[in-house]
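The values are calculated or read from the model by the stated rules, or taken from the named source; none is laboratory data. None of the values given here were measured: they were computed from a predicted structure. Neighbour counts run over all protein chains shown; Cβ positions are idealised from the backbone, glycine included. Keep in mind that these areas ignore ligands, DNA and RNA; they rest on the heavy atoms of the full protein, side chains included. Shrake-Rupley method; radii C 1.70, N 1.55, O 1.52, S 1.80 Å.
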Amino acid sequence: MDYTAYGLRIRSALALPFRSAPSLDEGCSAPECGGAEKRTGADVTVRIGATPARLLNPIGKHRRWEAAPGAFLITVDEVARYLVTDGCDVLVEPLGGDEREMGAFLIGAPFVALLQQRGLTTLHASAVETEIGAVLFAGLRGAGKSSLASALVERGCTLLSDDLTGVEANADGRFLALPASTCIRLRADSLEALGRQPRTLGKVQGESEKRLLPAARLRTEPLAVRAVYVLEPHDRAGIEIQPASWAQTREALLLHTYRKRFLHHLGRQEEHFRTVDRMAAQVSVFHVRRPARSFELQALAERVAAHLRSEAGAHRPPLPPPEPPATGRSLWKSAPETAVARRRAVTVALQGRGSLFEQAEAALRRRLAARPDDAEALLRLGDLYRGEGRLEAALDACRRVAELRPGHPKASWLCAVLGGAALPEPPPAQAVWPAPFVRVCNFLPPDEHQALLALLLAGREHFGNPGAVGLGYIVDRARRGLAANDRIVDEVRPGFEPRLRRLVANTLPRLGMVDLGEHRFEVQVSVYPAGGFFTPHSDDREVMGIQEARSINCLYYLHRQPKPFSGGDLLLHDGEVANTHTRIEPLDNSIVLFPSRCVHEVTLVEGDPADFGAGRFSVNSYVWTRPVDGC
């Protein structure tokens, strides 16, 4: 079966929900293929066959997927395993699913990885053709992307894509939205708002609450992107549309990148940052805030259509802010500055979140004033506080939910995580719940803490030594820091490891673990001076074919007093692709433990770039165990 989607010619052994294509007989256009598929002329070939259970040396390894440059492997339990290679080949091994199920899951994460391997930008957005060009509707799940796109198609627009929009730059540098979808996936309430009967439409495989609405008009050629509307439900009456600043535009494009965590492991993250910078200079972004409850789809569509006619076409993207002047002599010597400049741009973009946090908190407080027993609002408030590092306030909100609804699974889990208790039953396999962690303050006695800090402050020559194999400067697309050589590590390990062993043994139930079995400890010492960061990642992968993996991360923090820097927070993400997280401040003489499989990052450190002693120091320890197959 031959199809066309996202500008690609696809020959598939499985039925796919794309536009049928004429017989393919010219040759593969992907440069990675080297003409291997010239017999079919397909850009992408989908085959049935046996796949490996694991990649040989993955950069990223998670519970359900593994990734490396040019290779992506994902398992959907009781359906199939998918191996995606070089952006042109998909090998599908059935694991109990029928052809319809295997095809439905193929156009999810596996196809996103394929598009990213080919260098396309993947946005969590629906797209339509309008009078001004391609317009995208982005937002979190349930924001109304597909519903708004379908309402505009009913008003005369033409469908480009639903839920996943692929974007690429043409030879002139213009960003084009690529046509893909033939149907729109909608819930029953949205269909009824459009005057359709849900029972007359086919169901979406794997999403029983949604139906497939065939689009009345389909575009077949790429179209320049002119605007992106970001849908954001709020708790006020009325619909608001506001243009975004350059920083907000960039933040929105990064936030609504589909499966953005794949990019680093596929070796595409730095390229994606550059693409977003260029796109932010071409595309206008508007924030559309609409009532979270009791809003009319047709009223929203009319408001957006009117805005398109009157303002969007004439609007020009804002210019990026000027680069801040350099201060002091950098500790990074001749290392390239692009990575830290990029992270600083993200930090600037996020500085506006203070007011957004206050608005969101106030909205939830108003909702709770009207309905004090609103458990959903309390859980959202708890997530809001976790994201800001206000863990006590988050715990109070979760305890109120537990009182209102005894046995509530997520509330019980959060109460255990934030309250320092053993974890209850593990969450369902598909659930996106907060990562477990343990934080212990005053981990070392005061004299030992001060002695360790003095050792590190006096050891500048032992950090960032280019001659130390495996250590030294850590400067790449994902992170920036300084690591100590073996002389420092050998002085730290003897007094540190015995305490750590006792702590790990006592905290396993709080991390959802019972017995580590045979294990060993790895100890590193590092510092993040001003400009240091680490993008989202996990540490549970196997290394160099060694048949063991990291199971627990143990991060001990120390720094001068008063605290000489800002930032450097640990963010523990709620799953691989979630937009919520727990923020943990690096408190002096504190240690944080969490499972190595959890996705986490270190936010940008701000301070004096010329003062080594003003950095965020840490002793990073890892518990290595033998992995269990299938975990």
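Rg ratio for region 35-147: its Cα radius of gyration over 2.2 N^0.38 Å, N being its residue count, equals 1.21. Model label sites at Ile48 and Ser20, defined 7 Å from Cα along the beta-carbon direction, differ in position by 2.0 nm. Convex hull volume of the Cα atoms of region 122-242, normalised per residue: 122 Å³.
For region 183-271, the solvent-accessible area with a 1.4 angstrom probe is 46 square angstrom per residue. Quick one: plug the Kirkwood hydrodynamic radius of region 483-621 (C-alpha pairs) into Stokes-Einstein at 4 °C, 1.567 mPa s, and report D in µm²/s. Estimated via Stokes-Einstein, D reaches 80 µm²/s.
Per-residue surface analysis assigns His449 an accessible area of about 10 Å², computed on protein heavy atoms at 1.4 Å probe radius. The trypsin sites (Lys or Arg not before Pro) of region 56-123 that meet both conditions, a loop assignment by DSSP and at most 15 other Cβ atoms within 10 Å of the site Cβ, are Arg63, Arg64. Our summary of shape: the Cα atoms of region 370-468 have principal axis extents of 59, 31, 27 Å, ordered from largest down, in whole angstrom.
Put Glu101, Glu425 in order of accessible area, highest first, and with a 1.4 Å probe you get Glu425, Glu101.
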